[in-house]
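Just below is one structure, and these are the notes that go with it.
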């Protein structure tokens, strides 16, 4: 089983995206590389928070994100989404479609659904989905719970969730965060990098 | 932040029905603490309603209860307050309890649209999509002018991949609000998702037309910089043209199918539209007053032919 590590910029950006739009669905893609010790998920690019069932802007955003990743020497390695409801942790059909597309370009692609119940806690609020065949995605199960000490899924540092909560509550960094939907309304918004929303001590 | 400026911000939020719940609660709490509600005169009730909703949204049920008590005292048996009571219940009770409450309310006064809509949104939240759609359709039969209802119906259908029904619902929105480019845009994007490229293309053009209505001369149009909804529509147009041109290349014989039987513009026009859309989007990036991010990838995307 491949192992996956989620690094701070990726975790923070997913978190900020969900925190900025608490009553909406949000989604985006993950960037990273494959190394000898597994997949490093280094960054995330947020896509939509509006009309998440509709495809044209998603397609364009995905394409632009892929090109940006390439320019940095990174791959698109996964997809993330958050639902508007706490109890809805399924990877919606739209999600499966995008995740499968990412998997076409990166065999070890992973999808994360944000666990709304864990968002405010010290635990990683991500539920991993893996695809066995070309388009069916299932929640990943193994002996250890995801992001626990023996799991194939790890955070680069265990304090990421706590730090993320603090950054939202104290510094309101999520307010400076913008996704592709925001960018389409104002092209000055830095949706590909979100440099202004990242803490100085990253 | 003075009470006066807080009140002004809150009034602004009310006029736009903005869901800035965190901010509303912070400012609203200050107003309550300063006993300044009386300053609002008649607006006091709208303010309390606004604060109730925002407080429930961020989980400050204590504030919500305080406001609701005041409202219930002053307006006993008011349908509007009843709706707020229901929403407050939604913040802490189980869905089945709330559903029972709404059904009881609806038995008493069947035409309280506020309660009916809360029931519909509750059904959606519970995942009872079939019931939700049935109730919403019946609701819209009675209250045809409820624009928000048609948009919600379209959204529900789209989330279930029922794009034809979604477009039908949106066509009512277009009838009710013909000047608003957002509904035409939603229509265009839904048509694209349904793979009806000719229809999507046509509707993106409609959006662009709405956005550029003020540009009366060709020179004005040429020198204008697309912004806001316009940028999204030009992007959409570009995507449609690329699809349409890709299919009509020499190798493939079938033209794009359109479920709505919309015809495509001819090849030459398509190419011109493609050029125009490219130029307009790139202008939005190069001429943006505050600079633009990610221009390089956009240019590369424009240049590719797949």
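The values are calculated or read from the model by the stated rules, or taken from the named source; none is laboratory data. Predicted model only: the values in this text are computed from it and were never measured. All Cβ positions, glycine included, derive from the backbone under ideal geometry; neighbour counts span all protein chains shown.
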*Within the group B:36, B:11, which residue is at pLDDT 90 or above, surrounded by 14 or more Cβ atoms within 10 Å (Cβ to Cβ), assigned by TED's automatic domain parsing to the domain that holds residue B:59 and over 19 Å from residue B:58 (Cα atoms)?*
B:11
_If I filter the stretch B:43-55 for residues that are within 14 Å of chain A (Cβ to nearest Cβ), under 24 Å from the mean Cα position of the chain (by Cα) and either surrounded by 15 or more Cβ atoms within 10 Å (Cβ to Cβ) or in a helix (DSSP H, G or I) (or both), do I get at least one hit?_
yes
*asked:* Quick test of your reading of the structure: residue B:221 fulfils all but one of (1) over 24 Å from residue A:186 (Cα atoms); (2) in a helix (DSSP H, G or I); (3) out of contact with any helix residue (DSSP H, G or I) (no Cβ under 6 Å at 6 or more places or on another chain). Name the failing condition by number.
replied: (1)
_Residue in the stretch A:80-105 that is farthest from the other protein chains (Cβ to nearest Cβ), counting only those that are surrounded by 18 or more Cβ atoms within 10 Å (Cβ to Cβ) and not in a helix (DSSP H, G or I)_ = A:80
_Some residue of the stretch A:62-79 being part of a loop (DSSP other than H, G, I, E, B), touching a residue at least 60 places away in the same chain (Cβ under 8 Å) and over 25 Å from residue B:58 (Cα atoms)_ = no
*Take residue B:154 and decide whether it is touching a residue at least 60 places away in the same chain (Cβ under 8 Å) and within 12 Å of another protein chain (Cβ to nearest Cβ).*
no
_For the list (1) over 30 Å from residue B:90 (Cα atoms); (2) within 14 Å of another protein chain (Cβ to nearest Cβ); (3) surrounded by 17 or more Cβ atoms within 10 Å (Cβ to Cβ); (4) out of contact with any helix residue (DSSP H, G or I) (no Cβ under 7 Å at 6 or more places or on another chain), I need the number of the one condition that residue A:64 fails._
(4)
_Number of the condition not met by residue B:190 [criteria: (1) within 14 Å of the chain's Cα centre (by Cα); (2) farther than 30 Å from residue B:112 by Cα; (3) surrounded by fewer than 22 Cβ atoms within 10 Å (Cβ to Cβ)]_ = (3)
_Those residues of the stretch A:110-125 which are closer than 20 Å to residue A:141 by Cβ and part of a loop (DSSP other than H, G, I, E, B), in sequence order_ = A:115, A:123, A:124, A:125
*Of all the residues that make up the stretch A:145-180, how many are part of a helix (DSSP H, G or I), touching a helix residue (DSSP H, G or I) at 6+ places or on another chain (Cβ under 7 Å) and surrounded by 18 or more Cβ atoms within 10 Å (Cβ to Cβ)?*
7
*Of everything in the stretch A:183-202 that's within 11 Å of another protein chain (Cβ to nearest Cβ) and in a helix (DSSP H, G or I), which residue is farthest from residue A:10 (Cα to Cα)?*
A:185
